[in-house]
Every structure is written in C-alpha cells, then in structure tokens.
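The values are calculated or read from the model by the stated rules, or taken from the named source; none is laboratory data. Fair warning: this is a prediction, and the values are worked out from it, not measured in the lab. Cβ atoms come from the backbone with ideal geometry, glycine included; neighbour counts cover every protein chain shown.
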C-alpha cells in the first residue's frame, strides 16, 4: 500500500554511491523529495534523475534522494555519467521501497514479476508525506515537485 499525504514517512538509513550512510531523519527541518526508480542508467530512470538534476537550482534547500535496488557501485557510475550530484541510495533488499509502497507486481510482455513501482514522495520538514505520486512518469517527477513547491 503506497503512502499518502499526511502519513509519517518511514525513516531509513541506506548507503549512497560514495559509501556514506544517508538517514532520512538527519534531514528533518527541510523538505525532501524521495523518488524510487527501477534501475540506474536505463532510459526512464535517466530521464527522471536528469530532470530532477535540472530543477535542483529551482527548489531551494529541498533535498533530492533517489533510491533503487542497484548496488552503490552502479549508483556511482550513474551519478558520474550524468553529473547528478545528489544521493543515490542502494536498497538492494527493497525493504525501504516496500515500506513506501514502491515495491509491487509489474508485468512486461505478459510476464508478472515483482519490482520497483516508479514513485516519488515529497516529505515535509517534520518527516510527514506532504505529497505522494505513485506510478509517476519520469518526466512528471520534476514538474510535480516544482508545482508542489509553488514554483
């Protein structure tokens, strides 16, 4: 079940592309966009991540955090290739995606499998979900964020 506006955002502590542990609770006092993407350096994930990179200078001190099941080494390559400049967290066991409702059944070519459901969540300064965008398209992620922030 995906989180919705008003829900407390589940805390997490995950390793980023530089081997540093990032905790949601350490970002209290500022807004955070947490987005879940299926796989680093695939077309949709690249469009979504680069779109957020491109609006980073328009969102004030709102933090951007990307989460996928990729290993930190894959996240680092992805960050370096596109100059993303924000934490890309490794959720290899998809426990955090599960907690946010961003892990679920998908289908491709008629085959059903479990995977990341591309989703984004704007977390407020107090750690509550301000906006939730389950099953968001890559190009709508930055647009929705700017709109939510009044940009």
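Within the stretch 48-69, take every residue that is free of Cβ contacts under 8 Å to residues at least 40 places away in the same chain and surrounded by fewer than 21 Cβ atoms within 10 Å (Cβ to Cβ) and give me the one that is nearest to residue 13 (Cα to Cα). Checked the stretch 48-69; the qualifying residue nearest to residue 13 (Cα to Cα) is 63. Look at residue 45 and say whether it is surrounded by 20 or more Cβ atoms within 10 Å (Cβ to Cβ) and more than 18 Å from residue 95 (Cα to Cα). Considered against the rule, which asks whether it is surrounded by 20 or more Cβ atoms within 10 Å (Cβ to Cβ) and more than 18 Å from residue 95 (Cα to Cα), residue 45 comes out as yes.
Residues that are more than 11 Å from residue 82 (Cβ to Cβ) and either free of Cβ contacts under 8 Å to residues at least 24 places away in the same chain or under 14 Å from the mean Cα position of the chain (by Cα) (or both) within the stretch 29-42 comprise 31, 32, 33, 34, 35, 36, 37, 38, 39, 42, listed in sequence order.
Scan the stretch 5-15 and tell me whether some residue there is surrounded by 12 or more Cβ atoms within 10 Å (Cβ to Cβ), assigned to a helix (DSSP H, G or I), at pLDDT 95 or above and in contact with a helix residue (DSSP H, G or I) (Cβ under 9 Å, 6 or more places away or on another chain).
No: the stretch 5-15 contains no residue that is surrounded by 12 or more Cβ atoms within 10 Å (Cβ to Cβ), assigned to a helix (DSSP H, G or I), at pLDDT 95 or above and in contact with a helix residue (DSSP H, G or I) (Cβ under 9 Å, 6 or more places away or on another chain).
Within the stretch 77-89, residues that are closer than 11 Å to residue 49 by Cβ sit with their Cβ atoms under 6 Å from residues that are assigned to a loop (DSSP other than H, G, I, E, B), at 6+ positions apart or across chains, in these pairs: 78/40; 78/41; 79/17; 88/17.
May I ask you to verify whether residue 72 is touching a residue at least 60 places away in the same chain (Cβ under 8 Å) and either on the phi < 0 side of the Ramachandran plot or surrounded by 20 or more Cβ atoms within 10 Å (Cβ to Cβ) (or both)? Criteria not met by residue 72.
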